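Everything on this sheet refers to the single structure shown next.
No value in this document is a laboratory result; all are computed from the given coordinates. Worth saying up front: this structure is predicted, and the values here are computed from it rather than measured. Ideal geometry is used to build each Cβ from the backbone, glycine not excepted, and the neighbour counts take in all protein chains shown.
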Amino acid sequence: MLTIGYIGNGKSTNRYHLPFSLNRENLKVKTIYARNPGKGEWEKAPGILYTDELEMLMNDEEIQLIVICTHIDSHYAYAKMALDHGKNVLVEKPFMPTKEEAVSIFQYAKEKNLVLQCYQNRRYDSDFLTTKKVIESGKLGDLLEVEMHYDYYRPETPNSVTHYSKNNSYLYGHGVHTIDQVLSYFGEPEYIHYDVRQLLGTGRMNDYFDLDFYYSTLKVSVKSSFFRLKARPSFVVYGKKGVFVKQTQDRQEEHLKLFYLPKGHADFGIDLPEHYGTLTYLDDAGQYHEEKVVSEKGDYARVYDDMYQAILQGKDKTIKDEETIAVMEIIENGIEGCS
């Protein structure tokens, strides 16, 4: 049994963590720390101790893993504190404000012989897993171009922000999803072209980004905007023999927002036939094919499976330190032109 404590009791903990950590029999959530645990935004989960005493969490010898679900500004301090108390640590993304802090805290965890990892749950998005399956089928032939989109139509978000903040930028908040997917599957590129904008003007929120990753003859593009009334396809993959289009994103977040949780619902996050992507290709005989691809099952709890195996079974971490450091470097470089 892996026993867990959380720092933070907001949307991150309640929407993106507890539904998954409470859905594994080999995990026990014991304590949640918050400055004001009595706030009623989220219903308290039964059997969990809610406290405003941080030392109670840190000094509990039963707790092996502390999960940090607070604002990025506090990630480094809380991670170091947890490591100082002999705890393994899982940190929400963005992992740290800077690459320098990421390198430093990973090194500190190694010195303490503890497991420290970033919560890159989007590696277990259904659309991403399905796209990888199609690529690995070989039906597309040699890859030429991959387009990845993460779009919203939420003009009220940038319109409500009157000053620029790096840590609250779109690139920091959402680029960490798709950039990690790129690096985890394709590796580090030869070079990157950055187009990171403030569509409402200088001094306003970063609300758009378009990054192109170049790998010899392959280009992988990551594009996101708050001003897309109709979202672009989640994935479009072009090869020499075909194309795959996955229009819709993973549905786990959709279900979570409706409080339709994974526990007790076998169809949680599962694509329906209308969500399946379309694969169009020419076979070796030159025959044309067009077919629907049944989506893979996404499951954010797999990050907790990874942590369980790394902490209690001594297995290598799935999300490598160098990958998380590379993500931090890329978003730091990309946001430099904004002010």
What is the sum of charges, Lys and Arg at +1 and Asp and Glu at -1, for the other residues whose Cβ falls under 12 Å from the Cβ of ALA109?
+2
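Using unit Cβ charges (K, R positive; D, E negative) and no other charged atoms, how large, in debye to the nearest 20, is the dipole of the chain about its Cα centre? Could you put the intermediate results ahead of the total?
On the way: 40 positive and 51 negative charges, 116 e Å.
Charge dipole of the chain: 560 debye, to the nearest 20.
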Among GLN181, GLN287, GLN249, the residue with the largest mean-square fluctuation in a Gaussian network model of the chain built from Cα contacts under 10 Å is GLN287
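For the stretch 132-244, go through all pairs of different Cα atoms, get the mean of 1/r, take its inverse, and jot down that Kirkwood value in Å. Can you show the working numbers first?
Numbers: mean 1/r = 0.0665 Å⁻¹.
Across the stretch 132-244, the inverse of the average 1/r is 15.0 Å.
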Net charge (Lys, Arg +1; Asp, Glu -1) of residues whose beta-carbon lies under 11 Å from that of TYR76, TYR76 excluded, is -2
What distance in nm separates the simple spin-label points at GLU290 and LEU54, each placed 7 Å from Cα in the Cβ direction?
5.8 nm
Taking the 0 to 90 degree range and rounding to the nearest ten, how far is the long axis of helix 126-137 tilted relative to the main principal axis of the chain, both from C-alpha atoms?
50 degrees
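Would you mind computing Rg(Cα) / (2.2 N^0.38 Å) for the chain, counting N as its residues?
Values: Rg = 20.6 Å, N = 339, 2.2 N^0.38 = 20.1 Å.
The chain yields a ratio of 1.02.
Over all pairs of distinct alpha carbons, what does the Kirkwood formula give as the hydrodynamic radius of the stretch 180-318, in Å? Walk me through the numbers on the way to the answer.
On the way: mean 1/r = 0.0539 Å⁻¹.
After inverting the mean inverse Cα-Cα distance, the result is 18.6 Å.
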In sequence order, calculated HN-Hα J values of the stretch 200-212 (Karplus, 6.51, -1.76, 1.60; Hz; x Gly/Pro)
8, x, 4, x, 9, 5, 5, 10, 7, 8, 8, 10, 10
Using only alpha carbon pairs under 8 Å that are at least six residues apart, calculate the relative contact order of the stretch 149-236 and give it in whole percent.
43 percent
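Please compute the Kirkwood hydrodynamic radius over the stretch 2-119, one decimal place, Å, based on all pairs of different Cα atoms. Intermediate values should be presented prior to the final figure.
Working: mean 1/r = 0.0700 Å⁻¹.
Answer for the stretch 2-119: a Kirkwood hydrodynamic radius of 14.3 Å.
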Cα-based Rg of the stretch 175-221 per 2.2 N^0.38 Å, rounded to two decimals?
1.32
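Over the chain, what relative contact order in percent results from Cα pairs under 8 Å that are six or more residues apart? Please report the intermediate quantities before stating the final value.
Values: 661 pairs, mean separation 65.8, N = 339.
About 19 percent, as a whole number.
Between the DSSP loop rule and a limit of at most 13 other Cβ atoms within 10 Å, which trypsin sites (Lys or Arg not before Pro) in the stretch 152-252 are left? Spell out each step's value before the answer.
On the way: sites: LYS166, ARG197, ARG204, LYS219, LYS223, ARG228, LYS230, LYS240, LYS241, LYS246, ARG251; in loops: LYS166, ARG204, ARG228, LYS230, LYS240, LYS241, ARG251.
In loop regions of the stretch 152-252 (DSSP not H, G, I, E or B), the sparsely surrounded trypsin sites (Lys or Arg not before Pro) are LYS230, LYS240.
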With angles folded into 0 to 90 degrees, how steeply does helix 176-186 sit against the dominant principal axis of the chain? Use alpha carbons for both and round to 10.
60 degrees
Using a Gaussian network model of the chain with C-alpha springs under 10 Å, which one of MET81, MET328, MET96 is most mobile by mean-square fluctuation?
MET81
Which of ILE48, ILE325, ILE179 moves the most in a Gaussian network model of the chain with Cα springs under 10 Å?
ILE48
